[in-house]
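The values are calculated or read from the model by the stated rules, or taken from the named source; none is laboratory data. Being a predicted model, the structure only gives us computed values, none of them experimental. Glycine also receives a Cβ, built like all others from the backbone with ideal geometry; neighbour counts cover every protein chain displayed.
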Amino acid sequence: MSELVGSRGCAGRLLGQGFGGQTSQPTAVERLSKVKPFDDVVAEHGGTVLRVCRAALGQSDADDVWTETFVSAMRAYPGLPDDANVEAWLVTIAHHKIIDFHRAARRRPVPVDVLPEPAAEPAPEPGEHDALYEALRQLPDKQRHAVAYHHLGGLSHREVAHVLGGTEAAARRASADGIKALRRTYQQERAHR
Amino acid sequence: MSEHTPDEVLSSLPSDDPPALARLRDRLAEASDLADVLDVAYRTLDTPVGRLLVASTGDGLVRVAYAREGHDAVLQALADRISPRVLRAPRRLDPVARQLEEYFTGRRTSFDLALDYRLASGFRRDVLQHLREIAYGHTGSYAQVAVAAGRPRAVRAVGSACARNPLPVVVPCHRVIRSDGALGEYVGGPDAKRTLLVLEGAA
C-alpha cells in the first residue's frame, strides 16, 4: 500500500497546504478532549468518500479504494489537527489512492488468449446511474477528478487545485468543462432512449 | 467548508447506499486490524442486564460498559484515554461475546479472557485483581476486600474502586456487598446487581 498520505508527516504537509483551517495550534489538553472516535468519522464521511470513489473509478473498483483510503486515514488520524477539514482531508487521501489504482491498472497485464470465465452470478440490472458512470468514465482524468472532488466530495475549487495541482481557475474550469461534457453525453443519451 | 449541492446532471447517482456502507465498514474493521492501526475494537451485546458495550485493545478486554453509563460517552472516553483509532469490529470480540453469552445462560462460572487493566491504576487496580478471588456464587464485603488488598482501613476506597470498575461483570464487583447484607451500590444499577447475584445463585 502506498504511504503517500498514510504517515503523520505527510498528512501534516497536506494540511499545511490549505486544509488545516486556522493557524492557531490547539494545546495538548484541548486535543485530548476533542478527538472523536474514528468510528464517527467513518459514519459521517463514509458515504461522501464512496460517491467520490465511484465517480472516479466506477462502482466495481470503488470498494477497494474506499477501504484503503480509510485504513490510511486511520493510521494518520491521531496526528490530525482538530480544526482540520476532515472531509477535504479524506478526499485528498482518496485521490492519492485513486491515482495509485490507475497506475497499478496500467501495469496490470491484460490476458488476451484466455476465454472469459462464465459469470457466477447474473450481472446486476443496469440502473439509472450506470449511464452516468459510463459518461464519467469517458471524461479526461482531470475533469472527472475535478467533478468528483468538487461536486461530490464538497471540496472548494481552491482545495481541488491543491489536490490536482495547477491553479484554482484551472480547477474551476476543469469542473465546469466536465459538467458540460456530462450534460452533452449523458443527457442527450437519455433523451434518445 | 461551503455546502455543495451536486450539479443536476449528477442527481441520478445514489446519494447514499447503506447496505454498501455497512459491508464496507465490516471490511474496514478487518483491514485496519491486519494493518495494525485498530487500537480499540468494540461491539455491543444484548444481555439480561441490558445492552453492554465491550471493547478490547491488543492486550485484552479493556472495557465493559452498561447502557446507563452512556455508550457514546464511553467511546469518547476510550478515544481520549487510549487512542482515537476506535472502530466497531464485532469479530475481534467474538470470544468475549461467546463467554458472556455462556455466563448469562448459566453455562460458564469464570471467564477465560486476557484483561487489559490500563483504565484502573494504583490501589484501584489492586482491588480489581482481588475481586477475581471471590468465586462465582459467593459474595464478600467491602471490608473483606480491603483486608485482602492489604489496606484494611481503605473500605471507602474499595467502594470507589468497585463503582469505577472498567470491567464490570467480568471482574465481579457485583459480588461485593455491604457487611449488613444489603446489596449496596453498583455501576450497572441495583437491579443489575440483583440479577447477576440471582443468576449465580448467591441472592
Just to be sure I understand, how many residues within the range B:5-55 are not polar (S, T, N, Q) and not in a helix (DSSP H, G or I)?
25
Determine whether A:Ala146 is buried (at least 18 other Cβ atoms within 10 Å of the Cβ), at pLDDT 90 or above, farther than 15 Å from A:His95 by Cβ and not assigned by TED's automatic domain parsing to the domain that holds A:His45.
no
Determine whether A:Ala171 is among the hydrophobic types (A, V, I, L, M, F, W, C), at pLDDT 95 or above, touching a helix residue (DSSP H, G or I) at 6+ places or on another chain (Cβ under 6 Å) and outside the structural domain of A:Gly47 (by TED's automatic domain parsing).
yes
Of residues in the range A:46-58 being surrounded by fewer than 23 Cβ atoms within 10 Å (Cβ to Cβ) and more than 9 Å from chain B (Cβ to nearest Cβ), the one nearest to B:Val86 (Cα to Cα)
A:Thr48
Checking the conditions here, which among A:Asp63, A:Asp83 is among the acidic types (Asp, Glu), surrounded by fewer than 20 Cβ atoms within 10 Å (Cβ to Cβ) and within 23 Å of A:Ser156 (Cβ to Cβ)?
A:Asp83
Can you spot a residue in the range B:108-126 that is of a type in the set (Ser, Thr, Tyr), touching a Gly at 6+ places or on another chain (Cβ under 9 Å) and closer than 16 Å to B:Ala55 by Cβ?
yes
Would you check if there is a residue in the range A:53-73 being more than 16 Å from the chain's Cα centre (by Cα) and of a type in the set (A, V, I, L, M, F, W, C)?
no
Cβ pairs under 7 Å, 6+ apart, first in the range B:114-134 and without any contact (Cβ under 8 Å) to a residue 60 or more places away in the chain, second surrounded by 19 or more Cβ atoms within 10 Å (Cβ to Cβ) and polar (S, T, N, Q)
B:Leu128/B:Asn165
So which of B:Tyr142, B:Tyr186 ends up being in contact (Cβ under 8 Å) with a residue 40 or more places away in the chain and of a type in the set (Phe, Trp, Tyr)?
B:Tyr142
Kindly provide the set of residues from the range A:157-187 that are over 14 Å from the mean Cα position of the chain (by Cα) and either crowded, with 24+ Cβ neighbours inside 10 Å or among the polar types (S, T, N, Q) (or both), ordered by number.
A:Thr167, A:Ala171, A:Ala174, A:Ser175, A:Gly178, A:Thr185, A:Gln187
Extreme residue, surrounded by the most Cβ atoms within 10 Å (Cβ to Cβ), among residues of the range B:164-186 that are at pLDDT 95 or above and aliphatic (A, V, I, L, M)
B:Val176
For the range B:145-165, pairs from a residue that is in contact (Cβ under 8 Å) with a residue 24 or more places away in the chain and under 12 Å from B:Arg124 (Cα atoms) to a residue that is among the aromatic types (Phe, Trp, Tyr) and buried (at least 18 other Cβ atoms within 10 Å of the Cβ), with Cβ under 9 Å and 6 or more apart or across chains, are B:Val158/B:Tyr142; B:Gly159/B:Tyr142; B:Cys162/B:Tyr142; B:Cys162/B:Tyr186; B:Ala163/B:Tyr186
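This table checks each residue for (1) more than 8 Å from every other protein chain (Cβ to nearest Cβ); (2) farther than 30 Å from B:Asp191 by Cα; (3) at pLDDT below 90; (4) surrounded by 18 or more Cβ atoms within 10 Å (Cβ to Cβ).
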| site | (1), (2), (3), (4) |
| --- | --- |
| B:Glu8 | yes, yes, yes, no |
| B:Pro14 | no, yes, yes, no |
| B:Pro19 | yes, yes, no, no |
| B:Arg25 | no, yes, no, yes |
| B:Ser32 | no, yes, no, yes |
| B:Leu45 | yes, no, no, no |
| B:Arg51 | yes, no, no, no |
Which condition number does B:Glu69 fail, the rest of (1) farther than 19 Å from A:Phe70 by Cα; (2) in contact (Cβ under 8 Å) with a residue 60 or more places away in the chain; (3) surrounded by 21 or more Cβ atoms within 10 Å (Cβ to Cβ) being met?
(3)
Can you give me the ranges of the helices (runs of 4 or more DSSP H) entirely in the range B:67-158 with at least 3 residues that are within 14 Å of another protein chain (Cβ to nearest Cβ)?
B:71-81
State yes or no: is B:Val40 buried (at least 23 other Cβ atoms within 10 Å of the Cβ) and at pLDDT 95 or above?
yes
